[in-house]
Each structure stands twice: as C-alpha cells, then as structure tokens.
Amino acid sequence: MPGYAVLTNDLQRDLVDKNSQRKANVERMTPAFVRFLTEMRTLGVPIVHLQLVYDEGDKKIELHEGRIPVLRGTPGAEMLPEFVEPSDVVMEKKKDSGFFQTELDSFLSSRDLDTVIITGMQAQVCIQTTAADAHFRGYNVIVPSDGVVSTRDADRDRALEWLASYCAVVLPMQELSDRIRQGDPIDFTPAALP
C-alpha cells in the first residue's frame, strides 16, 4: 500500500485575501477541504502545510499593493487556522514548488511516503510546480480536483487538464478518501503522450 502524504500550498491570509475571487474560491472549498483533511488525519496520513515565506532581501517577489506579502514574522504569512492541527507539519518554502530548497523530499523519503496528494492554491502555479517536481523525484502524484483553487476557474481547469495528461492522477476528494480508506489501488501508469 502506498505511503500517502497531503501537501497544502499557500493557504495563508496574504495570499488568500489577495483578491475577492481568490478569497471566495477558498471559502467555497473550505468545508469539504476541512472534512478531507480530518479524514486524512484519521487514516494516519500526514499533513504538510507548505508555507510561502518571503524575506525582504529577495529580489524576485511579486509585490501586493506596493508591499511584500507573506513577509517572515507578519500575520499575513501565517497559515489559515481552520486548516492546521497540532499534529500537522508546517514547512517553509521560498518559491512556488514545495520541493525547491526545502526539506520536503527528506521528510517524505525518511518516512517511506511515496505518494503525495497536492492541494491548495494556485493550481496553475504552486500546484503544477510542486506536482512536476514530485514526479521528477519519483513520487506518485494525486491532485484532488476539488481540493485546489485558482483565482480564475479557467486557470484551475487548464492546470488540472495538464496535470492529468502529464504527471498526476486527478480525482475528487471524496473518491480519494474512499479509496484510501478501503485500500483500493490507484493506477499511476503515466498517460501516453500523443
């Protein structure tokens, strides 16, 4: 049976509140996503929250309204509390991918976790880059179709299509929970490219 881990991306106040559409999409996802995370914890699946944290000296930062978002030590960098439990792991990242210059690969491999469930936002940026980096490192990748958001639905849909065609199995959260609970295997055979 695979060793699963859930990775959340960027569920932080400065990032979620960047605009009204992004905030509304996260709020819409929240009830089902909280249930999913609770079920994963019940099943013994570790939850790793990837927390984007910027330092003032980083020269490649997208400013929000003229200021640096998710700046280390600010309230805007904190994880949204509704998603985090004390048993979870919060791991800082400095760029889009959760694997770029972080301890994520070491954390997963030291626990024999070979399958990552990548959630959060933005589907076309942090979800795609983290999924591709996981794939390059030999992990099985699952992206719950209703466990990721983008500001624009079209961006999310395009990202999910790309992920499913390249490096990830895309399923709804409930189906994934049911399959993990029942021990049903998931086929990770890569899709044949045209």
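The values are calculated or read from the model by the stated rules, or taken from the named source; none is laboratory data. Every value quoted in this text rests on a predicted model; they were computed, and no experiment measured them. Here the Cβ is made from the backbone with ideal geometry for all residues, glycine too, and neighbour counts use every protein chain on show. What goes into the accessible areas is simple: the full protein's heavy atoms, side chains included, and nothing from ligands, DNA or RNA. Shrake-Rupley method; radii C 1.70, N 1.55, O 1.52, S 1.80 Å.
Only residues that are among the small types (Gly, Ala, Ser) and without any contact (Cβ under 8 Å) to a residue 24 or more places away in the chain were counted across the range 145-194, and they come to 2.
Checking ILE68 against (1) free of Cβ contacts under 8 Å to residues at least 60 places away in the same chain; (2) surrounded by 16 or more Cβ atoms within 10 Å (Cβ to Cβ); (3) in contact with a Lys or Arg (Cβ under 6 Å, 6 or more places away or on another chain), which single condition isn't satisfied? That leaves (3) as the condition not met.
For the range 18-40, the set of residues classified as open to solvent by less than 60 Å² (accessible area, probe 1.4 Å) and of a type in the set (D, E, K, R) consists of ARG22, GLU39, listed by residue number. Selection of the range 95-109 for residues being farther than 17 Å from GLN128 by Cβ and surrounded by fewer than 17 Cβ atoms within 10 Å (Cβ to Cβ) yields GLN101, GLU103, ASP105, SER106, PHE107, SER109.
Against the test of being open to solvent by 10 Å² or more (accessible area, probe 1.4 Å), over 16 Å from the mean Cα position of the chain (by Cα), of a type in the set (Asp, Glu) and under 21 Å from LEU176 (Cα atoms), the options ASP157, ASP112 yield a single qualifying residue, ASP112.
Is it the case, given these coordinates, that SER97 is among the hydroxyl-bearing types (Ser, Thr, Tyr) and either under 24 Å from THR38 (Cβ atoms) or in contact with a Cys (Cβ under 6 Å, 6 or more places away or on another chain) (or both)? It is false that SER97 is among the hydroxyl-bearing types (Ser, Thr, Tyr) and either under 24 Å from THR38 (Cβ atoms) or in contact with a Cys (Cβ under 6 Å, 6 or more places away or on another chain) (or both).
Checking each residue of the range 171-193 against the condition of being within 26 Å of GLU78 (Cβ to Cβ) and of a type in the set (Gly, Ala, Ser) gives no match. In the condition set (1) at pLDDT below 95; (2) open to solvent by less than 80 Å² (accessible area, probe 1.4 Å); (3) touching a strand residue (DSSP E or B) at 6+ places or on another chain (Cβ under 9 Å), ASP187 is compliant with all but (2). LEU171 meets each of the listed conditions (1) touching a helix residue (DSSP H, G or I) at 6+ places or on another chain (Cβ under 6 Å); (2) closer than 22 Å to ALA32 by Cα; (3) open to solvent by less than 30 Å² (accessible area, probe 1.4 Å) apart from (1).
Considering the range 1-52, and only residues there that are assigned to a strand (DSSP E or B) and among the β-branched types (Val, Ile, Thr), the residue that is nearest to THR130 (Cα to Cα) turns out to be THR8.
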